[in-house]
Amino acid sequence: MKSFKFLKALQKVIRQNIPIVIFIGIIFFVGLVVFIKLFAAKDETVYAKVKVSQGLWWASTAKPSAWLAQSVKKGMVETSISGEPILEIESVRYYPWWNTEQYDVYLNVKIKAGKNERTKKYTYKRAPLAVGTPIDFEFANVQLSGTIMSLSDSPLEEKRVEKLVTLEKKYADKWEVDAIQVGDMYFDGEEKVVEVIDKQIIPSSEVFIRVGNNFPYDSESTNTVIVTVKLHVIEQPNKELIFREEQPVQLGRNLNLQTSRLVFQDYIISAIQ
């Protein structure tokens, strides 16, 4: 009898306070969903290569400047609101972009991502995580965005090899030839990826006329310069060679190359060993 009276009283209270009851029900449902996501769903560790962009990913922005490239460090960790590590930078590589003050910056990162077991899709901070998708980083003192280049559920494996590459340029100026020094190199943040090994000068009897300020003039030099450099490149499974993480190394191509002393412009690859 007492339980019957209690139920009738409860029903009366509910009828009199329907908006409040609905509101409490919504809060309970949301809390249940959050609980399931936090404790029932399992996170997995995935590994990604990311190309950094400056500014919001959806805007057409410039490549990162030197100050941003140099602010990103190996070992930086992003944490969740609760202080749990959710992303760690495992390597940072940066390369000047074609004689500018901007850089191509590439990160290898380890991410704690959610995984939908039914669809096999990953998410990070409630956003899709796949090749081609944007990703945002929020470290203690650096905030940046990027695009996923590759994604794997195991540590990224890249076969990096050393190649001797011969570069040639006709009609090199005297100052340029003098600036090429054996031993000059470039360090990409992880390793020495360029080193000048040898330089040869082939005198030419050709008359080369340049145009400056709308007037032709004789060049200071009509020499052909041949430079041998040691490159650290990625060797793809199909044997294609990649320099600077994205640039193919092939005979006849120009090479976007810079050392601590010189920007190599208009050099053609003539041999690869």
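If I ask for residues that are at pLDDT below 90 and either open to solvent by less than 80 Å² (accessible area, probe 1.4 Å) or of a type in the set (K, R) (or both), which ones from the stretch 104-121 would you list? G114, K115, N116, R118, T119, K120, K121, listed by residue number. I'd like the full set of residues that are open to solvent by less than 50 Å² (accessible area, probe 1.4 Å) and either aliphatic (A, V, I, L, M) or without any contact (Cβ under 8 Å) to a residue 40 or more places away in the chain (or both), limited to the stretch 253-272. Within the stretch 253-272, L255, L257, L262, V263, I269, A271 qualify. When the stretch 157-171 is limited to residues that are surrounded by fewer than 17 Cβ atoms within 10 Å (Cβ to Cβ) and either aliphatic (A, V, I, L, M) or closer than 17 Å to S80 by Cα (or both), the one that is nearest to the chain's Cα centre (by Cα) turns out to be V161.
Any residue at all in the stretch 139-146 that is at positive phi, assigned to a strand (DSSP E or B) and either without any contact (Cβ under 8 Å) to a residue 60 or more places away in the chain or open to solvent by less than 30 Å² (accessible area, probe 1.4 Å) (or both)? No, the stretch 139-146 contains no residue that is at positive phi, assigned to a strand (DSSP E or B) and either without any contact (Cβ under 8 Å) to a residue 60 or more places away in the chain or open to solvent by less than 30 Å² (accessible area, probe 1.4 Å) (or both). Here I197 clears all of (1) open to solvent by 60 Å² or more (accessible area, probe 1.4 Å); (2) modelled with pLDDT of 90 or more; (3) of a type outside the set (K, R); (4) out of contact with any Gly (no Cβ under 9 Å at 6 or more places or on another chain) except the condition numbered (4). Every condition in (1) farther than 22 Å from P64 by Cα; (2) basic (K, R); (3) out of contact with any Asp or Glu (no Cβ under 7 Å at 6 or more places or on another chain) holds for K192 except the one numbered (1). The test for being small (G, A, S) and at pLDDT below 90 holds for S204. Select from the stretch 147-158 the residues that are in contact (Cβ under 8 Å) with a residue 12 or more places away in the chain and acidic (D, E) and list them in ascending order. Once the filter is applied, which keeps residues that are in contact (Cβ under 8 Å) with a residue 12 or more places away in the chain and acidic (D, E), the stretch 147-158 yields D153, E158.
Restricted to the stretch 154-200, and to residues there that are out of contact with any Leu (no Cβ under 9 Å at 6 or more places or on another chain) and of a type in the set (S, T, N, Q), the residue that is nearest to Q247 (Cα to Cα) is T166.
Taking the criterion of being without any contact (Cβ under 8 Å) to a residue 40 or more places away in the chain, within 15 Å of the chain's Cα centre (by Cα) and under 24 Å from T79 (Cβ atoms), the residues of the stretch 124-138 that qualify are A130, T133.
Would you check which residues across the stretch 174-197 are of a type in the set (D, E) and within 11 Å of V229 (Cβ to Cβ) and list them? Don't jump to the end; show me each part of the working.
We begin by selecting, within the stretch 174-197, every residue of a type in the set (D, E); these are 176, 178, 184, 188, 190-191, 195.
Result: D184, E195.
The values are calculated or read from the model by the stated rules, or taken from the named source; none is laboratory data. Here the structure is a predicted model, which means the values were calculated and not measured. Reconstructed Cβ throughout: ideal geometry from the backbone, glycine too, with neighbour counts over all protein chains shown. Quick note on the areas: whole protein, heavy atoms, side chains included, nothing else; ligands and nucleic acids left out. Shrake-Rupley method; radii C 1.70, N 1.55, O 1.52, S 1.80 Å.
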